[in-house]
Amino acid sequence: DNTPSGKVQSNLKLLLAKIIEPTEQHFNRRADILSGYRSSVLNALVMGMWENPRSAHLSGEAVAFSFPDIPARVVACWIRENLEYDKLALKDTFVDVSIENHEKTGNRRIVLGEFAKESCKDHQ
């Protein structure tokens with residue numbers, strides 16, 4: 001069963017409002033959602049030995065998505081420069097981004113991997 005609880009549904013709505021909708025509006029396209037909420041059982045099945053028991057996908061605070069005709073780097077650069085997020089990762093063909101839905105900690109704007117060292121100047 002991958003049915004989200006009420007708290008997870010609230011997180012998903014916030015993720016939609018803060019990340020997906022603004023990005024879709026900016027690029028004037030619908031996002032292809034590759035991964036959103038995952039129950040702990042589904043997360044273990046999907047991630048296998050790479051399972052992260054602290055994954056933001058477990059709480060509905062992370063989404064992996066792409067636009068078929070827009071390079072993931074362009075999308076990641078736009079998010080990095082324009083939106084509030086907790087963690088942002090650029091994968092080969094998609095963007096994985098999370099938000100923090102806790103008032104005390106807030107969004108840290110952490111960019112993960114080699115993408116953290118790269119300039120977005122040529123991708124805006």
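The values are calculated or read from the model by the stated rules, or taken from the named source; none is laboratory data. All values derive from a computational prediction rather than experimental measurement. Note that each Cβ is placed from the backbone with ideal geometry, even for glycine, and that neighbours are counted across all protein chains shown. Just so you know, the surface numbers come from the protein's heavy atoms only, side chains and all, with ligands and any DNA or RNA stripped out. Shrake-Rupley method; radii C 1.70, N 1.55, O 1.52, S 1.80 Å.
In segment 30-61, what count of residues is obtained for those that are under 16 Å from residue 94 (Cα atoms) and surrounded by 14 or more Cβ atoms within 10 Å (Cβ to Cβ)? Steps first, answer last, please.
Going through segment 30-61, the residues under 16 Å from residue 94 (Cα atoms) turn out to be 30-36, 57.
Okay, now just the ones that are also surrounded by 14 or more Cβ atoms within 10 Å (Cβ to Cβ), so 31, 34-36, 57.
The qualifying residues number 5.
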Matching residues, segment 1-19, being among the hydrophobic types (A, V, I, L, M, F, W, C) and either in a loop (DSSP other than H, G, I, E, B) or touching a Leu at 6+ places or on another chain (Cβ under 8 Å) (or both) | 19
Could you please let me know if residue 99 is touching a strand residue (DSSP E or B) at 6+ places or on another chain (Cβ under 9 Å) and open to solvent by 80 Å² or more (accessible area, probe 1.4 Å)?
-> no
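State the number of residues belonging to segment 62-75 that are under 22 Å from residue 13 (Cα atoms) and either open to solvent by 80 Å² or more (accessible area, probe 1.4 Å) or touching a residue at least 40 places away in the same chain (Cβ under 8 Å) (or both). Reasoning before the result, please.
At the first step, the residues of segment 62-75 found to be under 22 Å from residue 13 (Cα atoms) are 62-67, 75.
Then keep just the ones that are either open to solvent by 80 Å² or more (accessible area, probe 1.4 Å) or touching a residue at least 40 places away in the same chain (Cβ under 8 Å) (or both); that gives 62-63, 65, 67, 75.
Counting residues in segment 62-75 that are under 22 Å from residue 13 (Cα atoms) and either open to solvent by 80 Å² or more (accessible area, probe 1.4 Å) or touching a residue at least 40 places away in the same chain (Cβ under 8 Å) (or both) gives 5.
Looking only at residues that are open to solvent by 90 Å² or more (accessible area, probe 1.4 Å) and over 12 Å from the mean Cα position of the chain (by Cα) in segment 4-24, which one is nearest to residue 79 (Cα to Cα)?
At the first step, the residues of segment 4-24 found to be open to solvent by 90 Å² or more (accessible area, probe 1.4 Å) are 7, 13, 18.
The next check asks that each one be over 12 Å from the mean Cα position of the chain (by Cα); those that pass are 7, 13.
Working: 7: 25, 13: 18 Å.
Going through the qualifying residues, I end up with 13.
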Which of the following residues is part of a loop (DSSP other than H, G, I, E, B), without any contact (Cβ under 8 Å) to a residue 24 or more places away in the chain and surrounded by fewer than 16 Cβ atoms within 10 Å (Cβ to Cβ): 92, 122?
-> 92
How many residues are assigned to a helix (DSSP H, G or I) and either of a type in the set (Ser, Thr, Tyr) or within 13 Å of the chain's Cα centre (by Cα) (or both) when one looks only at segment 25-47?
-> 1
